[in-house]
1. Over all Cα pairs of the chain, how is the pair count split among 20 Å bins, expressed in % and running from 0 up to the last occupied bin?
2. Give me the percent of DSSP beta bridges within the chain that run antiparallel, rounded to the nearest 5.
3. To the nearest 20 Debye, how big is the dipole of the chain about its Cα centre, given +1 on the beta carbon of each Lys and Arg and -1 on that of each Asp and Glu?
4. Evaluate 2.2 N^0.38 Å with N set to the residue count of segment 359-414, then give the Cα radius of gyration divided by it.
5. For each pair in Lys75/Lys278; Lys46/Lys214; Lys248/Lys343; Lys159/Lys248, compute the distance between the two Cα atoms and list the pairs where it is over 23 Å.
6. Lys/Arg Cβ at +1, Asp/Glu Cβ at -1, dipole of segment 279-414 taken about the Cα centre: which of Leu388, Val309, Ala326 is farthest positive-ward?
7. Expressed as an acute angle from 0 to 90° and rounded to the nearest 10, what is the orientation of the C-alpha long axis of helix 194-207 relative to the principal long axis of the chain?
8. Listed highest first by mean packing, meaning other Cβ atoms within 10 Å per residue, what order do 352-365, 270-283, 370-383 come in?
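No value in this document is a laboratory result; all are computed from the given coordinates. The model shown is predicted, which means the values in this text are computed figures rather than measured ones. Cβ sites come from the backbone with ideal geometry, for glycine too, and all protein chains shown count toward neighbours.
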Amino acid sequence: MNAYELARVEYAKYGIDTDAAIERLRSVPVAMHCWQGDDVMGFDSKEALSGGIQTTGNYPGRATSPEELMADMRKAFSLIPGTKKINVHACYAIFAEGEAVGRDAIEPKHFAPWVELARELGVGLDFNPTFFSHPMVKDNLTLSSPDKDVRDYWIRHGKACIRIAEYFAKETGVPCVVNVWIPDGYKEVPADRYSPRLRFKESLDEMLSEPYDKSLVYITLESKVFGIGLESYTVGSAEFCLSYSTRKGITPLMDNGHYHPTEVVSDKIPALLAFNEKIALHITRGVRWDSDHVVAFDDETKEIAKEIVRCGALDRVFIALDYFDASINRLAAWVIGMRNVQKALLSALLTPHALLADYQNKADFTSMFALTEELKTMPFGAVWDRYLEVCGAPLGAEWIEEMRKYEAEVQLKR
Ligand code: RNT
Ligand code: ZN
């Protein structure tokens, strides 16, 4: 028997069908964020990255044009198994030579090359308005600004993005998730915490008055705890965003770098699933703060995947990655994170959740814990390799060679 056949027998002892797990995982979409490829720079302005987020590192080979970024994404997709989506930010609009369009006036045609890429790769597109790195962000504020002109500008931007998202969905035949995240906040303890939130609420209401087809476009709202230079107050806090989403019937988005360090998103998933038909995730890895390190195959990533799977919610959770690491090869950063999220999902699909839950219900915590620990040394690698084989993706560490070749031939020649 080969390694996979042995593994299949081992998992079958716990009632787990490894072939079925592999098939299930193959159809779960994971969105890959375009912004890992160029350190969140985008193409529409020369502004430095702002909004309290930061990319650190100066590894060579950053993509600096739409052609380079798309070439790198194509290469990444060839090294990643499974169903993927491309996650585009509005600052990645592609303008014709000499064309100058404000973010409040962007149109579907400025994103046509992204649709072409999605078609070529046979995937769907997700979208994000970009409320940062722009001169109309005044005093670190956008939709919550006391200046009506600033708010109106960003409301128009949000509406434009909803129209572009609907275009993406229609062109690709795959629903588009549009994530709203604003950086608005204060470095100092504010004198008024209430008014900015009321203005944000009103701006969101206005933005969402843009008509859209709810079967094609899912609007999500992402909360945050703090940003760099915005340490004392965040307008779009967890309570604000959760309450707003629930009231409005839009989808809450949790980024696991956006909570106090001992809080875990894995625990929040079943809580939100109890009240929301859909929820959305930005999977990242914060090291001591919202540092946006590349997602590892670590305990919390596995726990997040377990919650999605054991809640039977693979079709209810929009899974996206969100990190930006410039200290290692940027293509490798994509591949490592995307593969790790799928590893975590596969590992969750290979876990006998019903048996473990039964121990819990019988208060047999000894068996629950003992089995949980034993499962950690099951022959998972053999099933993962089989998954890669079925998907036609490079096995094990083979992709590293391919990445190195691309790095030498393409990225380092830029
Ligand atoms: C910032 C948020 C947000 C951004 C992207 C680029 O802390 O996580 O999702 O990372 O929009
Ligand atoms: Zn995020």
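1. Spelled out bin by bin, the chain gives 26, 57, 16, 0 percent.
2. Antiparallel bridges make up about 15 percent of those DSSP assigns within the chain.
3. The calculated dipole for the chain is roughly 340 debye.
4. 1.98
5. Where the Cα-Cα span goes over 23 Å, the pairs concerned are Lys75/Lys278; Lys46/Lys214; Lys248/Lys343.
6. Ala326
7. Roughly 80 degrees between the two axes.
8. Put in order of decreasing packing, that is 270-283, 370-383, 352-365.
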